[in-house]
Amino acid sequence: MGKKILLAEIFMRSILPPFYSFSMIERICKKKLIKKPNNKDVLWFLANLYANYKQFKKAINLLESIPENGKKSRSLTLLLARAYYNLDQFEKVKELLTPKEVLFPKDHEHYYLGDSLIHLKEFEAAIYVLNNYVIYHKDSYVPFVRLGYAYYMKGSYDLALKHYKMAMSLEPKNEEIWKSIEMCKEKAGNFGDTL
């Protein structure tokens with residue numbers, strides 16, 4: 001749903017450039033909330049707007065105020081996880097995304113969960129999550145770097161090296177990846193191996 005809102009926002013910008021602004025949309029939503037404070041659609045739209053403009057604390061406050069019927073919806077959970085991740089609240093991300101029914105195989109939130117697990121020093125769990133993530137996202141170097149780091153921290157230097165090399169193939173001029181590769185080679189005793 002977040003993508004649809006972002007596309008709608010982009011569309012609105014292209015149609016109404018002189019009239020559309022973040023503050024205008026925010027004012028409209030806030031007026032609607034004065035009339036009906038528990039309007040889930042308006043709360044959701046405004047929270048998405050805040051998240052898209054990197055105002056994650058405001059987004060969380062709104063998302064947590066959305067009335068629930070039993071449990072949080074999947075889309076609410078995913079947006080909350082995104083906001084918590086961007087505020088470095090990794091334990092909250094783990095708590096939200098660990099239930100298996102929350103994530104679908106291609107969801108980008110797998111990255112948020114995997115990287116959060118790395119920050120929480122749960123490297124084995126991070127490896128599992130990130131390995132599943134990179135199956136569907138082979139065009140992004142960052143998940144391969146994080147997966148390499150998780151393997152490195154577990155002492156699996158050959159596997160770390162393999163994933164750093166995958167990252168390097170996607171981002172060959174990144175000096176940090178080169179340094180990581182050299183560290184892995186040194187630890188693995190793999191001095192003769194070159195790209």
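Worth pointing out:
- Unmet requirement for Glu101, which otherwise passes all of (1) at pLDDT below 95; (2) open to solvent by 80 Å² or more (accessible area, probe 1.4 Å); (3) over 25 Å from Leu79 (Cβ atoms); (4) not in a helix (DSSP H, G or I): (3)
- Qualifying residues in the range 107-160 (those that are assigned to a helix (DSSP H, G or I) and basic (Lys, Arg)) - the one surrounded by the most Cβ atoms within 10 Å (Cβ to Cβ): Arg146
- Every listed requirement among (1) modelled with pLDDT of 95 or more; (2) surrounded by 15 or more Cβ atoms within 10 Å (Cβ to Cβ); (3) within 18 Å of the chain's Cα centre (by Cα) is met by Leu170 save one, (3).
- Pairs with Cβ under 9 Å, 6+ apart, first in the range 31-51 and at pLDDT 90 or above, second part of a loop (DSSP other than H, G, I, E, B): Ala47/Ile66
The values are calculated or read from the model by the stated rules, or taken from the named source; none is laboratory data. Small disclaimer: the values here were computed from a predicted structure and weren't measured. Here Cβ is always computed from backbone atoms with ideal geometry, including for glycine, and neighbour counts include all displayed protein chains. Surface areas here come from the heavy atoms of the whole protein model, side chains and all, with no ligands, DNA or RNA. Shrake-Rupley method; radii C 1.70, N 1.55, O 1.52, S 1.80 Å.
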